[in-house]
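Structure first, commentary second.
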Amino acid sequence: MGIIIKPIVTEKLTAQGEKLNRYGFVVDRKANKLQIKEAVEKMYGVSVASVNTVNYHGKRKSRFTKSGLLRGRMNHFKKAYVSLAGEDKIDFYSNI
């Protein structure tokens, strides 16, 4: 559980999962593609065809409060898009 932080469940990635057999995960920022591939194969018992990664820089945020303007930044994170080989599927809702 150290490399894969959480799966990304959005409408766009759900459609890609059904159509292209591609799934998204938020992963550790220091993980490389080989480590991500091994972690997904071990956790879900599937065979991975390819892994694409994207580094996201944290956005600056601000909000107005009674005490004035508060400024901050969201955390940096890394996404991994994993394409599965063959007829393998990942069901994120099986544990619910």
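No value in this document is a laboratory result; all are computed from the given coordinates. These numbers come from a predicted model, not from an experiment. Neighbour counts run over all protein chains shown; Cβ positions are idealised from the backbone, glycine included.
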If you take the C-alpha gyration tensor of the chain, multiply each eigenvalue by 5 and take the square root, what semi-axes do you get, largest first, in whole Å? 31, 15, 12
So what is the relative contact order for the chain, in percent, with contacts set as C-alpha pairs under 8 Å and at least six apart? 31
The chain: calculated mean residue ellipticity at 222 nm from DSSP helix runs of at least 4, using -39500 (n - 2.57): -6500 deg cm²/dmol
Taking the dipole of the stretch 22-96 about the Cα centre (Lys, Arg +1; Asp, Glu -1; charges at Cβ), the one of 45, 23, 57 that reaches farthest to the positive side is 57
What residue among 69, 13, 84 has the largest mean-square fluctuation in a Gaussian network model of the chain, using Cα springs under 10 Å? 69
Cβ-derived FRET efficiency at R0 22 Å, residue 87 paired with residue 32, nearest 0.05: 0.20
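Got a sec? How would 56, 23, 44, 93 order by Cβ neighbour count within 10 Å, fewest to most?
Ascending Cβ contact count within 10 Å gives the list 93, 56, 44, 23.
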Just how large is the dipole of the chain about the Cα centre, in debye to the nearest 20, putting +1 at every Lys and Arg Cβ and -1 at every Asp and Glu Cβ? 1000
